[in-house]
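Computed from the coordinates by the stated procedures, all read-outs in this text should not be read as laboratory data. Quick caveat: nothing in here was measured; it's all calculated off a predicted structure. Here the Cβ positions follow ideal geometry from the backbone for every residue, glycine too, while neighbour counts run over all protein chains shown.
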Amino acid sequence: MHSISTKFVFFIGIVLFLLSSFLLYQTYFITKNHITEIVGEQASMSLEFDLAIRRYVSEKIRPSLNVYLPKEAFIPELMSTTYITRSIFEDVRKRFPEYQLKFASINPRNPLNLATATEAKFVDFFNKNPEIKDWRGEISQNGRTYLVLLHPDRAKSTCLRCHGAPADAPLALRDRYGLQASFNYSLNEVLGINTIAIPIDNINSQLWEKLYTLLGLGGISVFLLFIIIYFSFQHLVGRRLITIAAHLQESEGELPLYLSKGHDEISRLAESFNIMIARQKISYHELEEQILERTRINELLAKEITERTTAETSLKKMQEDLEKIVEERTDKLILTMVSLEKEILERKIAQDALQIERDKLTNLFNTIPDGVCIRNADRKIEFVNPVLEKEFGSGIGMKIPEYFVGIHLPNLAAAGQDRQTLTEEATIQWEWTSPVNAKTYDLVSTPLQNQEGTVSTLMILRDITSRKQTERKLKEHEQYLSTLLATIQTGVVVTDPETDEIVDVNPFAAKMIGASAKTLAGQRYHSFLQEKSALSSLDPSNYHVDRGQDDCILTTVSNEMIHVRRSFATVSSNNKAYFIQSLLDITDIKELLRQQTIDIHLARGILDLINAIPPRITDLNDSLALHATVFPMPSHAEGGDHVLIKNLGISRSNKRPRTIISVKDQSGHAVNCVMRSIVTDMLHNAIINAKKDELLETTITSLNSAVLQSTLFQADDFVTAITAELEHETLQLNYVSAGHPAFLLIRDDSVISLPDPGSVGVNLPLAVIAGISYAAGSITLKPGDRLVFFTDGLLDIALQHNNKSLTVEELKDIFQAFASEKPGMPISELILNVLAALGQESAETVIPFTTNTSIDDITIVGIEIEQQIYDYEATLHPSEETFDQLVADTYQTMQQALVAHNYTVADQGLHMVLSEAMVNAWKHGNNKDARKKIKVRWRFGNDFSVEVIDEGRGFNYERHKDPTAVHNLVRPSGRGLFIIRHFADWVRWKDGGRRIVITFKKHSFEREKEQLSHSQFLASLLRNINKA
């Protein structure tokens, strides 16, 4: 589409097409709307005829007939509006068969009047919209389109005689139509709808036929108009433009145009082109003349440039030769000057260095604390430093004997040599006491080689008066110590740290070992230690320790064992190291401590009995469980940390099921700490049991008052505590901190500390002030939340080696690092990872239930809201033949799952537990009924939990007989639950004994099992006492 003719024709074609389309569109819809209005008026007229007939019958004919006919008479041909209008329109339809008129009713008396589904919807529509009088629209039915006009026929008071209650209707009407047809209508209810339907699809077809005809005629007309416009444009514009373009291409703009004369735009365009070509020729001739002139000038300029370039090249070469000569001469001059400056500088440096050395030597002699003098080759003093000048005055020019009155030189004369000559040739040292000031000096005389080649003498005098006095006093002190060691009632042993040989012992140590000091000298000290001594520091390989104290056991010559407390230190004498040990007999003290330890262990057992075994898992609902794990790490047997975890179920006195977690820390580490712990938790349990539904802050306030009233707490005793209550139904956690470190909340991978300093929930310690009220803070937990409660010993873990305690913020950052590294890490594993990191950082050993080398007791309680989502679940249908195989297959699957989750459980114990649980479910639960099934499922979290479910009647597991009792030893059954409890870490029942949940810990500690077994024994003993 490059030519103007084509673009113009295309534009005119589009305009004609759009204009024709618009005219056809308007013609079609105007015609259609007009026809629709005409048809609608015909339908309205037909409907009005129908309604007029009905009104005439109901208002004129029927009342007149009622006058002459009996009351019970009814003649449809004369009295029924529907019957009469239908009969009339049946005659009309013979002329207009496509027109439809119908009285449609949901409950008609004439089946022909039964409403279709569509008509029934309109009946319902008019009933729901009584304000609507009629409806008009198009409806498609039986493949045809109708213009439909609907008018509802509502029940008037005169209509209710025949359409109301059947009893009110004429007898003839009831006999003819029965008691069901078109009765029971109410006032204004729609009896039916009068329908007029006129087909319009034929009208539309005829309209489209005429439209197609009009479209054809219009298309031909538009096409002819298009052809006329096209040829007119080609004749008037296109042909003449083509002539101009062709002439320009052939003549290349050198010939004028020759066109027929005219006054239109194209003629004027041709004349303009002629003028432009004439002017272009003139400009072209002028440009050629200018080019010839400039070419001549350029040739002259090029010749001149060539000549100048040659001259510049010659000049440049001469300049380079001259610069080279100047550069060579300059270099020689510079070298000469540098050599001269270097020689001058070296001489100056040598002179300055010599002067500096002289100044340094003089300054050194003037500043040292010893006296210094120099005697020249003429044997006269030429220098005296301020120290000598202060003591003996200025001696410049004097001889040595004149200056130092009473000085004597050592006896150096030998083989006929002069003493003075020897003094000048050798370094000598001697002591001299001046009669002038009564001070003793250590003198050193040494020769000095002068720059001139002569020899001077340097004399240095050091005042050793104080040292001589100290040596005298030290000798007196050694005599005193010898006397003291001989009479002291503590053994002292001196050994060689390299050989472990005894160097010396005092009389009491010799008596303690049972041999004389002479006999013990040279024997290995290690041979007198008990072989299994708990303190390896007595081994000679550990003698590098400078000082310290420990307890050990000595074996005497008569094989008697003595408990001693040893204080030791490493000392040096005459460049020789010695290991000195002081031994105190503590055998009687050890016996008293052993008896005290028994009392402490008994008290600890009573405390465990009071608080019972902390529930490890508490079911909050069917999908959530509360996991609690306690990590005690006492550094003192008489430590004051103690934990109370108690579940309160629904009862008459308690409407709020909840779990109480309380971590307390008694002040100090005295023996009575344990007794105070017992009293505190006894009072706490008593207050809870007395008022189970009491608020947490009220309980702690009552506990503070009760503790202060007891006699065990002195004025300087106190208890710090963090106590929390978890509401099982709402997961709301209420907490009271009584002077205790904040606890940590770990949600997803973020860690916060609660309560904040100064916020609600922060209170004074217990047993400090009477009459105060404690306040509680609260927070709502979510599934997956983890809590960490701890005593202040965890913050002081690094205090012993680093002299610095952790802050809660620093501890929070450590937990944050592990929580971010592995989101969702179980709380027990998270705490153990943090303990390992803190132990390594602080150079302390902290192992739950086993070891704590730090300076304070540490107790940590981990809480987690676990989601009880099982990783595996199987429904089994065992029989006598398949039971053993089902157990083996289930055990194999369980082992694979344990390996995948990095759990270690004893194979034999796990297999026995699973086997006994499944046997109990199948044999005792389901009574070996093949129709009943067993469900086995497990999940991994803080622990590995296995659940076995049967469909039996359940049992009372609390009344299960002890199979280890003497009278039950020969019973053939009853050992399954004992085996399960023995190998598992935690066992509980649900659903009346039909579900057993068996728990194995991922991290188990031997001492924990011992303490748990001891607590279970005490609890069993107490239950037996209560029964008795």
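The relative contact order of region 4-206 comes to 23 percent, based on Cα pairs under 8 Å that sit 6 or more residues apart.
Applying a DSSP loop filter and a limit of 10 other Cβ atoms within 10 Å to the GluC sites (Glu not before Pro) in region 41-139 leaves 131. Sorted ascending by nearby beta carbons within 10 Å, beginning with the fewest, 526, 740, 34, 911 become 34, 526, 911, 740. Taken along the Cα-to-beta-carbon direction at a fixed 7 Å, the label points for residue 38 and residue 711 span 12.4 nm. Taking N as the residue count of region 593-867, its C-alpha radius of gyration divided by 2.2 N^0.38 Å amounts to 0.97.
Screening the chain for whole DSSP H helices with an alpha carbon extent of at least 30 angstrom along the helix axis and a mean Kyte-Doolittle hydropathy of at least -1.0 yields 4-56, 201-233, 265-367, 587-611.
Spatially, region 368-393 and region 1-80 are offset by 148 Å when compared through their Cα centroids. Measuring nothing but how far apart in sequence close Cα pairs (under 8 Å, 6+ apart) lie, relative to its length, the chain scores a relative contact order of 5 percent. If you take the Cα centroid of region 827-864 and the Cα centroid of region 697-775, the two points sit 23 Å apart. Computed about the Cα centre, the dipole magnitude for the chain is approximately 5400 debye when only Lys and Arg (+1) and Asp and Glu (-1) carry charge, each at its Cβ. Taking region 461-505 and a reference point 7 angstrom along Cα→Cβ of residue 567, the backbone N atoms nearer than 20 Å belong to 478, 480-495, 504-505. Between residue 71 and residue 116, the C-beta separation translates, for a Förster distance of 41 Å, into a calculated FRET efficiency of about 0.65. Between the C-alpha center of region 183-204 and that of region 267-320 there is a gap of 103 Å. For the cross-link pairs 646/692; 60/156; 390/439, the C-alpha atoms of every pair lie within 19 Å.
Going 7 Å from the Cα of residue 759 in the Cα-to-Cβ direction, what parts of region 771-796 have a backbone nitrogen less than 12 Å from that spot? Only 777-780 fall inside the zone, counting backbone N under 12 Å. Here's how it looks for residue 774: its modeled amide H is under 5 Å from those of 701, which are all 5 or more places away or on a different chain.
Ordered by the count of other Cβ atoms within 10 Å of each Cβ, fewest first, 271, 320 give 320, 271.
Can you compute the FRET efficiency between residue 304 and residue 356 using 1/(1 + (r/R0)^6), with r the Cβ-Cβ distance and R0 = 60 Å? Round to the nearest 0.05. Efficiency at R0 = 60 Å is approximately 0.25.
Here the gap between residue 801 and residue 518, fully extended at 0.36 nm per residue and compared with their Cα-Cα distance, gives a gain of 97.6 nm. Which entry in (1) 1.32; (2) 1.09; (3) 1.03 is this structure's computed Rg/Rh (Cα atoms, Kirkwood Rh)? Only one listed value fits the structure, namely (1). Annotation: extensible slack from residue 344 through residue 291 equals 11.5 nm (criterion: 0.36 nm per residue apart, minus Cα-Cα distance). Available extension along the chain between residue 212 and residue 782 is 197.7 nm, counting 0.36 nm per residue and deducting the alpha carbon span. Looking at the square roots a ≥ b ≥ c of the eigenvalues of the Cα gyration tensor of region 339-384, which shape do they give, rounded for a/c under 1.5, prolate if a/b is larger than b/c, or oblate? Verdict is oblate for region 339-384. Loop-only GluC sites (Glu not before Pro) in region 718-783, please: DSSP not H, G, I, E or B, and at most 11 other Cβ atoms within 10 Å. Filter output for region 718-783: 729.
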